[in-house]
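What follows is calculated from the coordinates using simple rules that are stated; it is not laboratory data. On a predicted model such as this, the values are computed, not experimentally measured, just so you know. With ideal geometry, Cβ positions are generated from the backbone for all residues, glycine too; neighbour counts draw on all protein chains shown.
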Amino acid sequence: TVEDGLARFWYVREGVRTPVGPPLDFTRLSDDYGSKLRFTGAMAGVHAVDLVDASFTADFTGFRLTCW
């Protein structure tokens, strides 16, 4: 979730939503951050990497982005 410049990450297992780590400052993740003129804004995505031997994959279902 992103609200008031803070990003919070969650996972859901068997219908229970659990936070992952602390809230993070989301304001610097936009290309609008900095002194030059920018226009795209913040972006969201899902990514996973197998850092051991690159033999596993991850399937994501139910990704939802809700804009308030």
Exercise for review: Compute the FRET efficiency between Thr18 and Val49 as 1/(1 + (r/R0)^6), taking r as their Cβ-Cβ distance and R0 = 25 Å, and round to the nearest 0.05.
Suggested key: 0.70
Revision key, fill the gap. For Phe26, other-chain or 5+-apart residues with amide H closer than 5 Å (H placed, Pro excluded) are Leu6, Ala7
